[in-house]
Amino acid sequence: MPPDLAADVCVGSYVLVPFGSQRLPGYVIGFTDRRPPAQLKSIIRLIVDQPLFSRQQLKLAEWVAQRYNSSLADALRCVMPPGRRRRSITTIRLTEAGQQENNRAQVARAPRQAQLLSILQRLSEPVLLDNLVEQVQAEGKGFSRSAVLSALRGLQEKDLVSLERRLSRPPVGPVTQQVAVLADTDQPWSAVMEELAGSAPRQVEVIEALLEARGEPVAVAELPRSSVVRLADKGLVTIFQQRQQRLPQEPGLGGEATEALSPTPAQARVLQRVADALSRHQYEAILLHGITGSGKTEVYLQGIEGALQRGRSAIVLVPEISLTPQMVGRFRARFGGRLALFHSSLSAGERYDEWGRVDRGEADIVIGARSAVFAPCQDLGIVVVDEEHERTYKQESSPRYNAVAVAFQRARQEGAVLMLGSATPSIETYYQASSNNFDGLSLMELPERIDNRPLPRVEIIDLRQEALLGSGGTFSQRISEAIEHRLGRGEQVILFLNRRGFSTFVMCRECGWALRCPDCSVSLTYHHRSRTMRCHHCDYSRPVPDQCDNCKGYNIGFQGLGTERVADQVQRQFKQAVVARMDRDTVTAKGAYGRILRRFAAGEANVLVGTQMIAKGLDFPEVTLVGVLNADVGLHRPDFRAAERTFQLLTQVAGRAGRADKPGEVLVQTYNPDHYAIAAARHHDYHRFYQQELAARRENLYPPFVELANIVFSDQQEDKALTVARQAAVYLQDMGVLFKQGEVQFLGPAEAPLHKLRGRYRYQILIKAPDMPRLQETIQELTGRLGDTGATTVVVDIEPIDMM
């Protein structure tokens, strides 16, 4: 290391280093006194002055990388401030020799170099490396990125191409604006203004505006600029640059500031446990199992208050911050400007500024989605994970971490309290808490609603026995009468269907052909407002066909039911209905979710139709009826968690009814009234469901009795994906991992349930192991044997949530 850098380089430093013929950015992750046998090269310079992560953050990133089989670089990106990372950009140019058509003989014995040279001669120059890789893969050449780089080096050695590397500009940084304040002066301002009144009245206006600001800086843009400059020249005003905070648009519904409520005896027991752990500065993990409406949020608020009183900070994870507007409103009302928001809807600038507020200690409470678990909180005291069972806590790109597991590790690492809250805990978490065999996790219950309000009565409507009314069949007679009755009394209704769109597929009535996505193994969904057929996986769209693509007939029928169609039918069938609809199609605009809910909360709409977005986190006192239009959606998915997911959704959406003084009612339409998930949801009986589901998991060897890894092999060419998957199965057997037997075993290879996705064919292998170390050992050996699989992508998902 150069002597002039020795005092500045530390763990977390972002530096520029020589790497072969390149200059690349890198991170300092440690120091050693041992000199390796190879010749060392010196760090060139610091890219940014301040370190991007601490030793503690590095330790957390190393844990994530090791557990989820990712690179350390991917894991470090989770803990680093947004907008500071700079990429190395490679630009490729053909030399004069490379532009000649007669140079093909130089690469005749190197097919990949020849193919790459041909592509470069067709493309306009200069070409960015990323664009070249995309072009090569789009043409189906079977090149991986590393293969492209290798071929480029060969072309460079033959003087056919030149490579130019540079660092990208920082994607985001602080924003400042020019502001003005009054300077110190011996003369009274009244005398100054009197002196200027005749010759410079605009300067007097500026002084008056700055006096009204009472010492706070005023943006120069809001004042007559020439007058401000003249006053500065006279030494009466000081002009400087002030950093501006980009405040995120909040999804909260607002709320008045409230004092802490008197806890119930059950809440008090939980809070005492939290207080004791905070006082000892000791790690404590609690599963707070509370029925809907039992006051879990108040426990979170008071637990956090206890941490703040001890000078410590807090993180609150929610499944999706835009889906919990009332919770955000309650936190803001209680804690004000101490709150920072972290979520995917923030702009790059907003995320940069919020991270900075937390890092500087200006905000000591972070509320956000899964990435908030990495927030740079100082002296972390408590981590709350609300709705811990939600699948959105799982990251779907590398590193494929589960934020709940990361929260465990972070709380343990920093001596903090971890509180997991849910009315329907995941089977794995409840098993761990109730059997006291997992990392000190203890179970605490909130068995009653606040003020002993009753849970809503749930009635099951057997669709095998009752015809559906309405165009296409949507409402049973019972649910139709109930909606009419509630609206007539001036109350509100929530209708739940976990499927968006107008019709879920379009089918020819003459030959049975259904319109499918050309890139995914799914039917296209009809969207009435845009008059298009859309794929909900890759967003492919096309107009509605006039005739069948297969038989050329004209008898095209719209089948199935989605939220768009339900909203349309409610509006047509019930004259008193004013409908608000909430699904992914209606909340694409920033702030749309909050606007819809504010409209419903204000009584401007009396029927809310939606998908799972309305199943949790909402508390509307006028909602007395919840209708579940099809409880069977998702029940028979090829996923071992299908029954659990159905039970959780039904229980959560049922909990939206009767949350105030008016009793609530829930009507559930189903073709499977005897299924144990639906029967248990009817009685709000989590323990009954848990016992039956646990028995099924034990019999079929699924979590919590094993650890899982799902390995997905995908390629644009189906035979190549299958070949690599079969080779992986052979390697596993060579390693002593057997098919469907033994402590460590595997299933597959088999077609993924969603066999084709975004133009790539997918096969999967599922590995089961008795514990995480054995699973990781197996995965590491297998991926080592597979090596470079070319254009076939191999994705390893530890603790998979989505099995599709």
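The values are calculated or read from the model by the stated rules, or taken from the named source; none is laboratory data. Since the model is a prediction, treat every value here as computed from it, not as a measurement. As a convention, Cβ positions derive from the backbone with ideal geometry for all residues, glycine included, and neighbour counts pool all protein chains shown. Calculation scope for accessible area: heavy atoms of the full protein, side chains included, ligands and nucleic acids excluded. Shrake-Rupley method; radii C 1.70, N 1.55, O 1.52, S 1.80 Å.
Observations, loosely collected:
- Failed item in (1) in contact (Cβ under 8 Å) with a residue 60 or more places away in the chain; (2) more than 17 Å from the chain's Cα centre (by Cα); (3) crowded, with 22+ Cβ neighbours inside 10 Å, with ASP364 passing the rest: (1)
- Taking residues in the range 10-39 that are within 22 Å of ILE92 (Cα to Cα), and partners anywhere that are open to solvent by less than 60 Å² (accessible area, probe 1.4 Å) and among the hydroxyl-bearing types (Ser, Thr, Tyr), the pairs with Cβ atoms closer than 8 Å and at least 6 places apart or on different chains are GLN22/SER88; ARG23/SER88; LEU24/SER88; PRO25/TYR14; PRO25/SER88.
- GLU259 open to solvent by 60 Å² or more (accessible area, probe 1.4 Å), charged (D, E, K, R), under 30 Å from PRO447 (Cβ atoms) and assigned to a loop (DSSP other than H, G, I, E, B): yes
- Considering only residues in the range 21-47 that are of a type in the set (A, V, I, L, M) and at pLDDT 85 or above, the one that is farthest from SER162 (Cα to Cα) turns out to be ILE29.
- Among the residues here, ALA73 does not qualify as touching an Asp or Glu at 6+ places or on another chain (Cβ under 8 Å) and outside any loop (DSSP other than H, G, I, E, B).
- Residues in the range 134-164 that are touching a helix residue (DSSP H, G or I) at 6+ places or on another chain (Cβ under 9 Å) and under 21 Å from ARG23 (Cβ atoms): 9 in all.
- Residues that are charged (D, E, K, R) and at pLDDT 90 or above, drawn from the range 301-344: GLU305, ARG310, ARG312, ARG334, ARG338
- Inspection of the range 375-389 identifies at least one residue that is on the phi > 0 side of the Ramachandran plot and surrounded by fewer than 22 Cβ atoms within 10 Å (Cβ to Cβ).
- Members of the range 724-733 found to be touching a residue at least 40 places away in the same chain (Cβ under 8 Å) and open to solvent by 20 Å² or more (accessible area, probe 1.4 Å), listed by number: VAL724, GLN727, TYR731
- Per-region count, the range 706-735, residues outside any helix (DSSP H, G or I), in contact with a helix residue (DSSP H, G or I) (Cβ under 8 Å, 6 or more places away or on another chain) and of a type in the set (A, V, I, L, M, F, W, C): 5
- The set of residues in the range 744-785 that are charged (D, E, K, R) and touching a residue at least 12 places away in the same chain (Cβ under 8 Å) comprises GLU751, LYS756, ARG758, ARG760, ARG762, LYS768, ASP771, ARG774, GLU781, ARG785.
- Subset of the range 182-226 (residues that are aliphatic (A, V, I, L, M) and either part of a loop (DSSP other than H, G, I, E, B) or more than 14 Å from LEU236 (Cα to Cα) (or both)): ALA183, ALA197, ALA200, ALA213, VAL218, ALA219, VAL220, ALA221, LEU223
- For the range 364-395, a residue qualifies if it is modelled with pLDDT of 95 or more, more than 29 Å from ILE291 (Cα to Cα) and touching a Gly at 6+ places or on another chain (Cβ under 8 Å), and the qualifying residues are ALA375, ASP379.
- Hey, ARG542 out of contact with any helix residue (DSSP H, G or I) (no Cβ under 6 Å at 6 or more places or on another chain) and part of a loop (DSSP other than H, G, I, E, B) or not: no
- Residue selected from the range 612-652 under the condition basic (Lys, Arg) and in a loop (DSSP other than H, G, I, E, B), by the criterion most open to solvent (accessible area, probe 1.4 Å): ARG637
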